[in-house]
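Input: a single structure, listed below in structure tokens.
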Amino acid sequence: MTAPSPADRKAWMATLAKAPPARLAALMPDLPPHDILRAPEVGAVMVQGRTGATGAPFNLGEMTVTRTSVRLGCGTVGHAWVQGRDKAHARRAAVADALLQTAASPATLAAVIAPLQAEGAAAKAARAAKAAATKVEFFTMVRGDNA
């Protein structure tokens, strides 16, 4: 099997990290045999922001994350960093990352990643629609004495 592109891996890692833990557990109820290389550990990372998305970076604050690394029986290593303190979520995400680098990739993409991406897109669209309903448009009328 050819190695996944960095863009593909970035996309599925983002999907796994943002997935609701209960939903990921429902999509992956049984994990394949694997060894824990780095036990799930909770820590904090500094989150940076940019003014207007293009300005100089500034420290926004800290965020709690959990990270872990696993190795499948075939030797493929998977890593995960997820927001919060859910160690089971991090472990499932790391196993999924490892599976996505093996011949099981097409099946894992179809069974896990595609549904999570579709649900994430639907949730984003629902939030956008809810926000659009509160949009206020301002306009000014031209008065004849301003000429």
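The values are calculated or read from the model by the stated rules, or taken from the named source; none is laboratory data. Keep in mind that this is a model prediction, so the values were computed, not measured. Note: ideal-geometry Cβ built from the backbone for every residue, glycine included; neighbour counts use all protein chains shown.
Things to note:
- Residue pairs meeting the criteria (Cβ under 7 Å; at least 6 apart or on separate chains; first within 12 Å of residue 79 (Cα to Cα) and assigned to a strand (DSSP E or B), in the stretch 28-56; second modelled with pLDDT of 90 or more and of a type in the set (Gly, Ala, Ser)): 37/69; 38/69; 40/90
- Scanning the stretch 13-37 for residues that are touching a Ser or Thr at 6+ places or on another chain (Cβ under 9 Å) and either at positive phi or surrounded by 14 or more Cβ atoms within 10 Å (Cβ to Cβ) (or both) returns a single hit, 28.
- For residue 135, the conditions (1) within 13 Å of the chain's Cα centre (by Cα); (2) modelled with pLDDT under 90; (3) of a type outside the set (A, V, I, L, M, F, W, C) all hold with the exception of (1).
- The set of residues in the stretch 69-113 that are surrounded by fewer than 18 Cβ atoms within 10 Å (Cβ to Cβ), of a type in the set (S, T, N, Q) and either under 18 Å from the mean Cα position of the chain (by Cα) or assigned to a helix (DSSP H, G or I) (or both) comprises 83, 105.
- Residues of the stretch 13-27 that are part of a helix (DSSP H, G or I) and either hydroxyl-bearing (Ser, Thr, Tyr) or over 19 Å from residue 99 (Cβ atoms) (or both): 15, 22.
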